[in-house]
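I have placed the structure first, in the form of structure tokens, so that the comments after it can refer back to it.
The numbers here are math on the coordinates, done by the rules we state, and not lab data. In this text the structure is predicted, and so the values were computed from the model without any measurement. Don't worry about glycine lacking a Cβ; one is built from the backbone with ideal geometry, like all the others, and counts go over all protein chains shown.
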Amino acid sequence: MNPESLALLEYQRLRDLLGRYVSSDAGRRLLSLIEPSTDRPRLEAELDHAAEALAWLDDSARPQTRAGTAPARLRFENLPDIDASSARLRIEGAVLEALEISAIAAVLERAAEVRLALAPHAARFPRLAALAASIGDFRSALREISGKILPDGSISDDASVALRRIRRDIERQRVEIRHSLERFLKAHRDDGLLQEEFVTIRNDRFVVPVVPGAKRKLPGVVHGSSGSGASLFLEPLETIDLNNDLVRLGEDEIQEVHRILREMTARLREHAHEIRLAAQTLAELDLIFAKARFAQDFDCSIPRFTNDDEPRLRLLNARHPLLQDVLRRQRKPVVPVSLTLDSSRRTLLISGPNTGGKTVAMKTVGLLALMAQSALPVPAEEAEFPIFDDVLADIGDNQSIEQSLSSFSAHVARIREMVESATSGALVLLDELGRATDPEEGGALGVAILDEFRAHGAFTLASTHLLALKVYGANTPGVLNASMGFNEETLEPTFLLRTGAPGKSAGLDIATRLGLPQRLIERARAAMSSTERDIAAFLNQLETRIGEVSTEAEELRRRQAALEARERELLSDLDKREQARLRDFQQQADVARKRFDEQAREAIESVLSSPEQRKQAEKALRQAARVKREFQESVETIARLDRPPKQAPQDEIRQGVRVRLRDVSGPARVLRVLAAGTLEVEVGFLKMQVSTADVTEVLKDAPQGFNLPKGVSFTPGPRWDTLSRELNIIGKRAEEALDEVDKFLDDCYLAGVLRARVVHGHGMGILKRTVHDLCKAHPHVEKFYPAGPSEGGNGATIIELKET
């Protein structure tokens with residue numbers, strides 16, 4: 001992107017604003033590398049990450065109303081920067097300092113926390129979970145490091161057995177030296193040779209202070225004097241060997257600590273690549289969640305990129321983030337900007353009053369375009385952008401005394417650079433086009449410049465006060481006029497952008513509000529030509545009318561939304577009532593079926609007094625079952641009529657297939673497929689022509705004449721036409737009878753038999769108990785009871801089976 005445009009649009013200040021939400025040094029380093037890009041796949045992937053992070057923050061702040069674990073807050077603050085340490089780790093033979101190892105361990109522990117927090121939510125946040133999944137498992141390495149380094153960077157005594165022993169010896173040696181020196185002080189207390197009675201350390205050796213004249217009288221080594229020269233620090237002869245032993249132990253300690261650090265470094269070096277990747281992933285996640293927190297704070301949305309063949313620039317209630325940040329601290333609202341440009345209209349000309357917000361509107365569009373192409377959420381309700389090749393801006397006064405550039409010459413020089421750089425994929429922002437020169441020449445130059453950018457196919461936003469450009473915007477295809485609002489009563493700008501017509505500059509009105517003497521205002525109005533006054537009045541009336549139309553359109557949209565909401569509410573209420581009516585009808589049908597079953601069974605029991613009556617009862621039961629099935633089909637038909645009609649796939653409807661027709665209970669077979677979506681079908685003995693739209697389902701025919709694999713046999717299931725069946729097991733053993741009754745009940749169930757009788761006789765009651773125990777546990781048995789006197793009494797059992 002053009003560096004000068006980035007500076008004009010205050011891109012670095014945006015980075016600084018976003019930096020408030022970054023917690024770690026590594027995250028801030030990544031933020032400093034952010035810049036606008038044209039890589040669509042990468043931008044969309046990074047925006048998807050930001051969208052998931054925003055959803056994560058929303059979910060974690062929302063009370064849980066359903067089962068499951070709420071997303072936890074991810075911590076990135078106080079995260080050490082291990083970039084230099086991880087680089088040293090890759091150097092073979094290098095040994096890290098204790099604090100460097102401690103910092104790496106802290107980063108790895110935090111990385112493990114993040115991975116464990118994101119992993120359970122992979123289904124809802126797949127991209128964040130995939131990032132976290134790249135973090136390795138460092139538990140074994142962390143166990144070896146844990147507890148060995150103290151918070152101040154020293155090595156713990158527990159780091160090794162040898163270190164504990166050496167430090168114990170050092171402490172013992174120090175005690176022995178102190179005792180030796182205390183004996184020395186006690187022995188020479190009355191000699192007048194001691195300066196003071198205390199033990200101190202010089203050059204890592206224990207010494208005592210003596211007077212300057214004592215060095216010849218007291219054997220030992222002098223290790224310097226005090227600042228005043230009044231004391232010498234003497235190491236008595238009897239403690240020299242003890243101090244030498246202490247120095248040796250100190251060297252042993254240093255070597256053991258170095259060995260421990262070398263081992264820990266080597267252990268970490270085994271995971272050097274994974275450690276660097278984990279630190280990088282934490283930095284990326286820190287930046288991603290910083291974007292999400294920024295989006296929450298500034299009410300941002302995730303921008304979308306349009307296709308290259310249908311470019312569109314659309315903003316709904318967009319706000320400049322830097323202005324929003326300033327006004328928020330002042331407790332003032334921000335007036336949002338909404339606009340739409342597409343391939344048919346690529347140029348927007350903004351006019352209106354001074355200090356009315358024209359420059360802010362253009363800066364908002366430019367900065368939000370840069371934010372979108374930096375994969376940042378944008379402060380707008382909705383935002384769509386093409387992917388711009390470049391953003392070219394000429395905003396503000398670029399005059400330079402050092403370079404001998406006036407305002408106009410600096411303006412022209414900058415536009416020359418922009419014309420040379422412009423492409424069909426550029427966004428061009430021109431503030432006060434044609435300024436700082438004669439209005440007539442400036443207007444003509446502005447028209448030529450806009451035509452040049454239109455020829456390139458660039459999206460262009462320009463602000464102006466020049467009448468020639470306002471006329472150009474009204475008469476040129478592909479150019480859209482827009483104006484910033486102005487309140488005639490208060491003489492103040494409203495900062496509201498309206499598209500469709502130019503606006504008046506209202507320079508005299510603004511000057512009046514700013515306190516210019518009234519006599520000057522009146523003289524200026526008198527100096528204006530009648531044409532200029534008429535144009536100003538016309539623009540004022542036009543702006544007023546546009547405001548009224550916008551208000552009416554907003555009211556119509558509000559009413560339409562209310563009507564649509566009411567329609568949805570009524571449809572929902574109607575659907576609920578229909579569902580309740582169907583449930584009530586179904587319940588009534590279930591009650592009727594149960595009552596019918598009970599009455600039928602009671603009727604059978606009362607009439608089964610002779611074989612002839614039994615046959616008549618079986619016939620009546622079959623008829624009742626048929627009536628019952630027809631009743632059930634009627635219920636299903638009514639329910640089907642209340643449900644939305646469904647239609648069978650047209651490609652499955654062909655000659656010979658069995659189908660189900662709308663409003664017809666029985667299946668039909670297709671005889672012929674006629675023209676114009678018509679079928680000839682046969683339903684029982686009836687032939688008819690129906691539309692293919694009336695076919696609700698294509699039924700599967702039972703397979704016929706198929707070949708069985710080798711070693712496989714096929715036995716057809718039972719096909720009984722009666723609705724009751726009998727089995728006689730008198731004289732059989734209990735085990736044999738049990739198998740026969742079990743198979744008999746299975747066959748009855750498969751054949752659709754509703755009532756069966758098992759004759760077991762009286763005897764000892766063993767067969768009767770066997771049959772009853774089986775019926776209690778059998779899945780197909782609805783109920784069982786002793787037969788009536790006409791069917792064998794206690795010597796037989798009646799079994800009623802469940803419907804298939």
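Convex hull volume of the Cα atoms in the range 233-300, per residue, in Å³?
It is 132 Å³ per residue.
What Kirkwood radius, in Å to one decimal, follows from the Cα pairs of the range 31-121?
Answer for the range 31-121: a Kirkwood hydrodynamic radius of 16.5 Å.
For the pairs Lys743/Lys776; Lys594/Lys783; Lys743/Lys768; Lys594/Lys768; Lys594/Lys732; Lys186/Lys217, flag any whose C-alpha to C-alpha distance is greater than 25 Å.
The pairs that break the limit, which is 25 Å between Cα atoms, are Lys594/Lys768; Lys594/Lys732.
Cβ neighbours within 10 Å, averaged per peptide: list 566-579, 232-245, 367-380, 273-286 in order, most packed at the top.
My ranking of the peptides, most packed first, is 367-380, 273-286, 232-245, 566-579.
How long, wide and thick is the range 201-269, going by the Cα atoms along their three principal axes, in whole angstroms, largest first?
Cα spread of the range 201-269 along its principal axes, largest to smallest: 58, 26, 10 Å.
Can you compute the radius of gyration and Dmax for the range 70-134, using only the Cα atoms, both in Å?
14.6, 46
Mind checking which aspartates and glutamates have their C-alpha under 17 Å from Lys148, skipping anything on the same chain fewer than 8 residues away?
Excluding near neighbours in sequence, the set is Glu97, Glu100, Glu109, Asp157, Asp158, Glu253, Glu256, Glu263.
Out of every Cα-Cα pair in the range 146-277, what percent are more than 26 Å apart?
42 percent
With only alpha-carbon pairs counted, each pair once and no self-pairs, how large is the Kirkwood hydrodynamic radius of the range 350-472 in angstroms?
15.2 Å
For the range 727-804, place one equal point scatterer on every Cα, skip the solvent, and apply the Debye formula. What is log10 of I(q)/I(0) at q = 0.11, 0.17, 0.23 Å⁻¹?
So the normalised log intensities work out to -0.24, -0.57, -1.05.
Please give the peptides 172-181, 19-28, 35-44 ranked by average Cβ packing (other Cβ atoms within 10 Å per residue), highest first, as a rough proxy for protection.
Output ranking for 172-181, 19-28, 35-44: 19-28, 172-181, 35-44.
Each label point is 7 Å from the Cα along the Cα-to-Cβ direction; what then is the distance between the points at Ala693 and Arg143, in nm?
In this crude label model, Ala693 to Arg143 measures out at 7.2 nm.
Considering only Cα-Cα distances, which of the following residue pairs are longer than 28 Å: Lys332/Lys358; Lys576/Lys700; Lys291/Lys363?
Exceeds cut-off: Lys576/Lys700.
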